[in-house]
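This report concerns only the one structure given below.
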Amino acid sequence: MVRKDEERKLEEFNQFLGQIDLGSYREKYSKIKLVELDMPRNIQAISLLYEYYWDKFELLDYSDFYKVYSESLQGELEDFRNRAMFSKETFYRGLPARIYRTWASLLTQIQGGHLANTMYPKVVMSSELDYSGIDIRIFLYDTSDKYINIQVKKATLSREVRTPWPITKKQAVNYKYYL
C-alpha cells in the first residue's frame, strides 16, 4: 500500500536533508563539548523537534530551529544555567553545539518515520515514545492495535550512545545506521 501524500513528504524531507551542510556544522560544533551534562526534559529539544519535523512538517534549517528553541525556552534555560553554575559565555557557546547534535540525530530518526509512513497505515513518533526508548511505532493494520516498536541506534564511538538505554514497557526492534 503506497501512500502518495506520505511519499511527497518523504521526498521533501530527503531534499531538505540533502541541503544541510553537515561539513560546516561539524567544523563549527564538533569540538565544542561544554554543555554535555544531562539536561532536564523541560529544556531538551526533543519535543520541539517532533513538533516541527514530524507533527507540523515544518522543515526549519538548524539556525531557525535553534532560534525557536532558545526563544521558547529562554527562562527555563536561564534557570538551568544558573543551577548548573555555568557562566553565560560558556553555556551559550556550548548549548548550540549540544542542540545541534540532538537535531542531527533526531532528523535521521524522523526520516525513518517518514519512510515507514509510506508503507504502513499508521506511524507514530513522539517525545513520550522517545523517552521510553521507542523511536518509531509502526501499526501494521488500519484497524488493529498491533504494532512494532523500533529503536534507531547510531554506530558511534561516543560513550553515551554505546551504552544502551533500557527499554520500558514494550520491547523495540533495534536498527543501527552508520554516518
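The values are calculated or read from the model by the stated rules, or taken from the named source; none is laboratory data. Since the structure is predicted, the reported quantities are computational estimates derived from the model, not experimental observations. Glycine gets a Cβ as well: all are built from the backbone with ideal geometry, and neighbour counts include every protein chain shown.
List of remarks:
- Residue ID - farthest from Lys4 (Cα to Cα), chosen from residues in the range 76-120 that are within 22 Å of the chain's Cα centre (by Cα) and small (Gly, Ala, Ser): Gly94
- The sole residue among Asp142, Asp130 that is part of a loop (DSSP other than H, G, I, E, B) and charged (D, E, K, R) is Asp142.
- The residues on offer are Ser127, Ser70, and the sole one that is among the polar types (S, T, N, Q), within 27 Å of Thr143 (Cα to Cα) and modelled with pLDDT of 95 or more is Ser127.
- With a requirement of 1 or more residues that are farther than 25 Å from Met125 by Cα, the helices (runs of 4 or more DSSP H) lying completely within the range 1-97 that satisfy it span 22-29, 74-83.
- Of the criteria (1) at pLDDT 90 or above; (2) more than 19 Å from Tyr52 (Cβ to Cβ), which one Gln109 fails: (2)
- Residues in the range 80-124 that are of a type in the set (D, E, K, R) and without any contact (Cβ under 8 Å) to a residue 40 or more places away in the chain: Arg81, Arg83, Lys88, Glu89, Lys122.
- Residues that are exposed (fewer than 14 other Cβ atoms within 10 Å of the Cβ) and touching a residue at least 60 places away in the same chain (Cβ under 8 Å) were ranked within the range 31-59; the one that is farthest from Gly94 (Cα to Cα) is Arg41.
- Leading residue by the ranking (farthest from Asn149 (Cα to Cα)) among those in the range 98-123 that are of a type in the set (A, V, I, L, M) and part of a helix (DSSP H, G or I): Ile99
- Residues that are of a type in the set (Lys, Arg) and modelled with pLDDT of 90 or more are absent from the range 149-157 altogether.
- Lone unmet requirement of (1) modelled with pLDDT of 85 or more; (2) aliphatic (A, V, I, L, M); (3) farther than 29 Å from Ser63 by Cα for Ala172: (1)
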